[in-house]
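The structure under discussion appears below in the form of structure tokens.
The values are calculated or read from the model by the stated rules, or taken from the named source; none is laboratory data. Remember, predicted model here, so these are calculated numbers, not experimental data. Reconstructed Cβ throughout: ideal geometry from the backbone, glycine too, with neighbour counts over all protein chains shown. Ligands, DNA and RNA are excluded from the accessible area calculation, which covers all protein heavy atoms including side chains. Shrake-Rupley method; radii C 1.70, N 1.55, O 1.52, S 1.80 Å.
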Amino acid sequence: DSGVTQTPKHLITATGQRVTLRCSPRSGDLSVYWYQQSLDQGLQFLIQYYNGEERAKGNILERFSAQQFPDLHSELNLSSLELGDSALYFCASSVRPENSPLHFGNGTRLTVT
Amino acid sequence: GENVGLHLPTLSVQEGDNSIINCAYSNSASDYFIWYKQESGKGPQFIIDIRSNMDKRQGQRVTVLLNKTVKHLSLQIAATQPGDSAVYFCAENDPVKGSQGNLIFGKGTKLSVKP
């Protein structure tokens, strides 16, 4: 068990809808990351937060947004969902903002129909 | 499970043999490297990391080798067990200033251990 908790485990929704994915980092970790894993793209970095502030951005679509709250949990919001957004979404946390192992949760499997 | 749509390299080994999983990384400026193991239905699990000022690091039953000259990373697993069956990913840090926390993942190698 990595200590990173993600909810929900599964999410099925229709195109055009909006969903929120939630992540609680390991105790003591200040940095939170979101990754997308799809069948054809592998693991792709979306965004990183450190102690409540956005630190780095990857290939995150404008329809997606995230935030990290004062209690360090994070949410990833996906809107105007398309079929191609179906994927596994992983949250990870680390104790330092760089050059530190990322510890991953078990992901949220999103299916857009 | 995950990654079934990708054409993943597959390594098949006999239980008890040693496994070597190879990875070519992309950026010569990367200075931090990690190996992850991903089992079906789970998130990537940290195995071992290495910084660019080292060329070898050992853990429990695992060894990571780094060859910066040819941008090559390998993971050696001693006495491979059925529980080692999984997809293994190498990852490098993003060398862009301000983004070094981000890890860039390789496509993965599927390890199958035959009992």
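When chain A is treated as a Gaussian network with alpha carbon springs shorter than 10 Å, the biggest mean-square fluctuation among A:PRO97, A:PRO25, A:PRO70 belongs to A:PRO70.
Counting Lys and Arg as +1 and Asp and Glu as -1, what is the net charge of the other residues whose Cβ lies under 9 Å from the Cβ of B:VAL113?
It works out to a net charge of -2.
Mean projected area of the Cα convex hull of chain A, taken over all directions, amounts to 6.4 nm². Interface A-B: total buried accessible area of about 2000 Å², 1.4 Å probe, protein heavy atoms only.
Under the combined filter of DSSP loop state and at most 12 neighbouring Cβ atoms within 10 Å, segment A:1-78 retains none of its chymotrypsin sites (Phe, Trp or Tyr not before Pro).
With a cap of 14 neighbouring Cβ atoms within 10 Å, and only residues DSSP puts in a loop, list the trypsin sites (Lys or Arg not before Pro) found in segment A:24-103. The qualifying sites are A:ARG63. Segment A:96-113 and segment A:1-80 have Cα centres separated by 7 Å.
Among the GluC sites (Glu not before Pro) in segment A:42-76, those located in a DSSP loop and surrounded by at most 11 other Cβ atoms within 10 Å of their own Cβ are A:GLU62. Counting only protein heavy atoms and a 1.4 Å probe, the protein assembly as shown has 48 square angstrom of accessible area per residue.
State the percentage of accessible surface on the protein assembly as shown attributable to carbon and sulfur atoms; use a 1.4 Å probe and exclude ligands, DNA and RNA. Result for the protein assembly as shown: 47 percent of the exposed heavy-atom area is carbon or sulfur.
In percent, rounded to a whole number, the relative contact order of chain A is 37, using alpha-carbon pairs under 8 Å and six or more apart.
For segment A:31-47, the Karplus equation 6.51 cos²θ - 1.76 cosθ + 1.60, evaluated at θ = phi - 60°, returns couplings of 9, 10, 10, 10, 10, 10, 10, 10, 5, 9, 10, x, 8, 10, 6, 9, 6 Hz by residue, with Gly and Pro reported as x.
Backbone geometry of segment A:57-66 corresponds, through the Karplus equation with coefficients 6.51, -1.76 and 1.60 at θ = phi - 60°, to 3J(HN,Hα) couplings of 10, x, 7, 8, 5, 5, 6, 9, 8, 8 Hz, x marking Gly and Pro. Semi-axes of the equivalent ellipsoid for segment B:21-115, computed as √(5λ) from the eigenvalues of its C-alpha gyration tensor and ordered from largest down, come to 23, 15, 11 Å. Under 14 Å from a label point set 7 Å out along the Cα-to-Cβ vector of A:GLU53, the amide N atoms of segment B:80-115 belong to B:98-99.
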